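Report on one structure; see the data block that follows.
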Amino acid sequence: MHSKQAIFLIFTLTFSSVVQAESLFVFLPTQVRAKVMQQQISQICPELEVTVFGRGKDFRRQIKNTPPSAVLSLMPIIERLGSFDPVLKGAKNGQTREKYVIVSVGRPLTMQDIAQKKIGVVDLLGRKPMGEFIAGIFPVAVKLKRVTKTEDLLPLLTFGSVEAVLVSESHFLQLKAKSNLNLVASSSNLTMSLVNLALSGANAKEKLLRCVSRFDDKINSTLGVDQWLAMSK
C-alpha cells in the first residue's frame, strides 16, 4: 500500500512540475529563423520552455491554447493580447523606440502617392486588427498586402506586387543591403517601441528577468536591442 502511495506521489509531483513549468513565447520580425533563435534562447535559459514563432497566426493560436508565462514581442502585439503586463523594454543606442519608413523603388513616395495603393506589411496582428492599426497611422486609405516574415517583403518590391512596404528603419537598411534595387525611404507617422518582455503574472517574474539578463550580444542583436530597461510603474 505504501509503495503504491509513493508511486502516486512521485507521479503527482512530476506531473505538477510539468504543468507549472514557466514558458516564454517569442514573436517579432527578425532576419533569423525561428528555430535558430529558439535554440539560442533555450541554451541560455534551460529552465524555461521557450517557443519562438515565425508566423503571427501560429503565435496567436498557441497563446489561446496554452497561454505562456511571458511573451517577448512588440508593444502593439502585447497590447492586443490584453493579459500581459510589460516589465522590461529593449533599448538600442539609448533609444527605446524606432521610426518606421515607407520603402519604394526609384523615388520616395508621399502619402498622396500611396493613397489606395497596395502596401506590403508584416502581419503582426491578424487581418482585421492589422488593417485597423494601419488605418490609425496613415492619413490616407491604403490596401494591405500582408506577409508572414520580413524577408517576404523584398520579393513584393522586386516583382512590383506593391507600391511600397512599411518597415522599421533598421529593417530598411537590411533590405537595402540584400537588394540590387534602388530602394528609397520616406517618413511615416509610425514609431514603435522595440521588443518588450511582458508577464501574465508575477509568479515567474524573477526567473524570466534572470533569463533576459543572460542574453548575449548575438541574441540581443537579433532582437534589435543592446540593453534592457525596467518599465516605469
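Structure data summary
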{"quantity": "The chain, Cα convex hull volume normalised per residue, Å³", "calculated": "139 Å³"}
{"quantity": "Contact order normalised by residue count of the stretch 76-200, Cα under 8 Å, 6+ apart, percent", "calculated": "47 percent"}
{"quantity": "Test item: Cα-centred dipole of the stretch 97-193, Lys/Arg +1 and Asp/Glu -1 on Cβ, debye", "calculated": "140 debye"}
{"quantity": "Relative contact order of the chain, defined on C-alpha pairs under 8 angstrom at six or more residues apart (%)", "calculated": "30 percent"}
{"quantity": "Rounded to the nearest 10 Å², the accessible area of Arg55 at probe 1.4 Å", "calculated": "100 Å²"}
{"quantity": "Span-like helix ranges in the chain, DSSP H, alpha carbon extent 18 angstrom or more, Kyte mean at least 0.5", "calculated": "2-19"}
{"quantity": "Percent carbon-and-sulfur accessible area, the chain, ignoring ligands, DNA and RNA, probe 1.4 Å", "calculated": "53 percent"}
{"quantity": "Helical mean residue ellipticity (222 nm; -39500 (n - 2.57) per DSSP H run of 4+; nearest 500) of the chain", "calculated": "-11000 deg cm²/dmol"}
{"quantity": "Size descriptor, Kirkwood hydrodynamic radius, that averages inverse alpha-carbon separations across the stretch 97-193, Å", "calculated": "13.2 Å"}
{"quantity": "Reach of Lys92 by Cα under 27 Å, taken over lysines that are not fewer than 8 positions away in the same chain", "calculated": "Lys35, Lys149, Lys176, Lys178, Lys205, Lys207, Lys218, Lys233"}
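The values are calculated or read from the model by the stated rules, or taken from the named source; none is laboratory data. Keep in mind that what you see is a predicted model, and the values were worked out from it rather than measured. Here Cβ is always computed from backbone atoms with ideal geometry, including for glycine, and neighbour counts include all displayed protein chains. Calculation scope for accessible area: heavy atoms of the full protein, side chains included, ligands and nucleic acids excluded. Shrake-Rupley method; radii C 1.70, N 1.55, O 1.52, S 1.80 Å.
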